[in-house]
Amino acid sequence: MASEFIKYNKKTELLAPAGSKESFYAAMSAGADAVYMAAQKFGARAYAGNFTDEEILECADIAHIYGKKIYLTVNTLVKEKELEDLYRFADSGVCDVCDGLIIQDLGVASFFRENKPDIPIHASTQMSVTGPYAAGLLKQNGFSRVVPAREISFDEIREIYDKTGMEIECFIHGAMCYSYSGQCLFSSILGGRSGNRGRCAQPCRLPYRLSSDRSGEEKYPLSLKDMCTLEILPEIINSGVCSLKVEGRMKPAEYVYGVISIYRKYLDHIESGMEYRIDKKDLDTLSKLYVRGNLSHGYYDRHNGKDMVTISSHGYKSDSESTCVKDTGRFKTSSCIPPIKVNFSAFFKKGQPATLNAFCETLDGRQAYGYSEGDVVM
């Protein structure tokens, strides 16, 4: 499969989650090609740390210097009373520094298409796109990329790619929804907290007693195992996927670093044409990094199955002896990111302001510049 991938001569993006600055630095350090994050509003993970406008601007600067991309999630359904906040958000300048907006609400997409036409719009997985007709309609309405529902197969993904030519971004690792991604109303019904508003209470992770089970034992019949696709990564890429997305904006930086670094290793193997073999130690590491019950391939190679459910356990498990988990202070600052050489020049002349210029070459070959002016030299 790797040789077939090389034949298409395309670069596949490894996309990491970031719910905090620590997770952003972890993603950069581990080798992510892009990071997706949310501002304080309009993101589908309201209980993640998320980012202030200033933090997004800072992260975008860092990412672009390293030749990486930033995608901003604006993927909740927006109420009419929130439109003024949306307009202010769009005018804040935060969206303009990002490489794409991940959107669920068609009204929000229409607004950005009309008012910010240069910003690429990506269809959130919460739009539940399952085939080429929906993807084609979104393409006609200005979407450049689609994140299809996690419940579709290799063949269905390939059909979307072949018939629309759209960029396709698919989840390859992390938590799974019991329903179509983001479309469950269970949380809203039980507690008034909507998944489409970023506030899912995850009732599918709660224990239940089954009326058909005479033992009365509590089980977790709605809690799905986490997804892990390391073993089928070449097949996913060859289905037409251009971006490999890891779930986990609610998870810590150590999870982001551990998962991204392992997938980076194997994606590099594929792109170099090396024989694709999985080291069992890497699978073992992934199975201990904040995993519910056990791991599965998700729906890529099956329609459904009871072996996708955890049944006996819903909670996360993680190996406290893992290097990724032990090193808890590593990602507090940008010092964990490999340094880039920066050249400085200063100008001092009596009667004129002191100036400092800085410039460097980004990892993708572009030039980045900085300029600062100080007091008048006496």
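One table, with the values for the structure above:
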read-out	value
Criterion violated by Leu86 - all others in (1) part of a strand (DSSP E or B); (2) over 25 Å from Leu14 (Cβ atoms) satisfied	(1)
Residue count for the stretch 164-193, restricted to those that are more than 30 Å from Ser144 (Cα to Cα) and in a helix (DSSP H, G or I)	6
Qualifying positions in the stretch 32-44 - modelled with pLDDT under 95 and surrounded by fewer than 24 Cβ atoms within 10 Å (Cβ to Cβ)	Ala39, Gln40, Lys41, Gly43
Elements of type strands (runs of 3 or more DSSP E) in the stretch 208-266, at least 2 residues being farther than 23 Å from Ser187 by Cα	243-246
Residue in the stretch 342-354 that is of a type in the set (Gly, Ala, Ser), more than 30 Å from Pro252 (Cβ to Cβ), exposed (fewer than 10 other Cβ atoms within 10 Å of the Cβ) and modelled with pLDDT under 70 present	no
Some residue of the stretch 127-144 being out of contact with any strand residue (DSSP E or B) (no Cβ under 6 Å at 6 or more places or on another chain), among the charged types (D, E, K, R) and modelled with pLDDT under 95	no
Residues of the stretch 161-179 classified as on the phi > 0 side of the Ramachandran plot and out of contact with any strand residue (DSSP E or B) (no Cβ under 9 Å at 6 or more places or on another chain), total	1
Of residues in the stretch 8-22 being modelled with pLDDT of 90 or more, out of contact with any Pro (no Cβ under 8 Å at 6 or more places or on another chain) and among the charged types (D, E, K, R), the one nearest to Ile262 (Cα to Cα)	Glu13
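The values are calculated or read from the model by the stated rules, or taken from the named source; none is laboratory data. This one's a predicted model, so the numbers in the text were calculated from it and none came from an experiment. Using ideal geometry, Cβ is built from the backbone for each residue, glycine included, and neighbour counts are taken over all protein chains shown.
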